[in-house]
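Notes follow the structure.
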Amino acid sequence: MDPRRRFFLRAAARPAELAAARVPQPRPPWALRPDAAFTERCSRCGDCVRACPRGLLAAGGFPVLSFARQGCDECGACRSACTTGAIVPAATATPPAFTWRVAIGTGCLAQHRVECRLCADACDARALRFVPALGGVAQLRIDTEACTGCGECVSLCPVAAITMAEPAPPAATAAAPDRSTAPEADHG
């Protein structure tokens, strides 16, 4: 067998690997969107990294945000330090600091009937709440509208079940059924 043939399948996997490498990285708050606009304007000077009082931004190329130690309080120090316009200046109309929202994975302790409320305790926006469950452990409910994307809950999760994710684009809504011809439910 010709050993070069095995590289045929490796080459087929390469586009998927490259696509995974192009997943947008979490950028500083108020970073230009889409990510290509941010990377076009950012000079990689590191001013925003040095300005962040919480140490959430990492250098080594374009700045990347990490919630490994704590969340962002949206103080605006990175915004004030950016001179290139890659981070929207405070003097302009303010978009939300982050577009992503909290996402809870299957490892959440509450889903496995273990009491834990660390994430909800840390959420100032009250986007994470625990709802009592009959005969069991209270279950986590997420209000994505209230979530600011600050990431304060991420580092506190003892099982790393919390991540931040871009919200899914709105699905095409189907036409609502005509209620005037639908039979009424018997409530009696």
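Values in this text are rule-based calculations from the coordinates and carry no lab data. The model shown is predicted, which means the values in this text are computed figures rather than measured ones. We place every Cβ from the backbone using ideal geometry, glycine too, and count neighbours over all the protein chains shown.
In Å, what Rg and Dmax follow from the Cα atoms of the stretch 23-98?
Values for the stretch 23-98 (Cα only, Rg and Dmax): 11.0, 30 Å.
Using R₀ = 22 Å, calculate the FRET efficiency as 1/(1 + (r/R₀)^6) where r is the Cβ-Cβ separation of residue 75 and residue 168; round to 0.05.
Values: r = 30 Å, r/R0 = 1.34.
In this case the efficiency is close to 0.15.
List every residue whose amide H lies under 5 Å from the amide H of residue 64, counting only residues 5 or more places away in sequence or on a different chain, with H placed 1.01 Å from N in the peptide plane.
58
Calculate the translational D of the stretch 100-167 in whole µm² s⁻¹ from Stokes-Einstein, where the hydrodynamic radius comes from the Kirkwood formula applied to all Cα pairs, the temperature is 10 °C and the viscosity 1.306 mPa s. Show your work: numbers first, answer last.
Details: Rh = 11.9 Å.
Value of D from the Cα-based Kirkwood radius: 133 µm²/s.
Give me the distance in nm between label points sitting 7 Å out from Cα along the Cα-to-Cβ direction at residue 40 and residue 124, one decimal.
So the label points at residue 40 and residue 124 sit 3.4 nm apart.
Each label point is 7 Å from the Cα along the Cα-to-Cβ direction; what then is the distance between the points at residue 66 and residue 50, in nm?
2.0 nm
Report the calculated FRET efficiency for residue 58 and residue 106 (r = Cβ-Cβ distance, R0 = 30 Å), to the nearest 0.05. Don't jump to the answer; show the numbers that get you there.
Values: r = 28 Å, r/R0 = 0.93.
So, using R0 = 30 Å, E works out to roughly 0.60.
Rounded to the nearest 0.05, what FRET efficiency do residue 94 and residue 114 have when you use their Cβ-Cβ distance and R0 = 35 Å? Walk me through the numbers on the way to the answer.
Working: r = 39 Å, r/R0 = 1.13.
Calculated value: 0.35.
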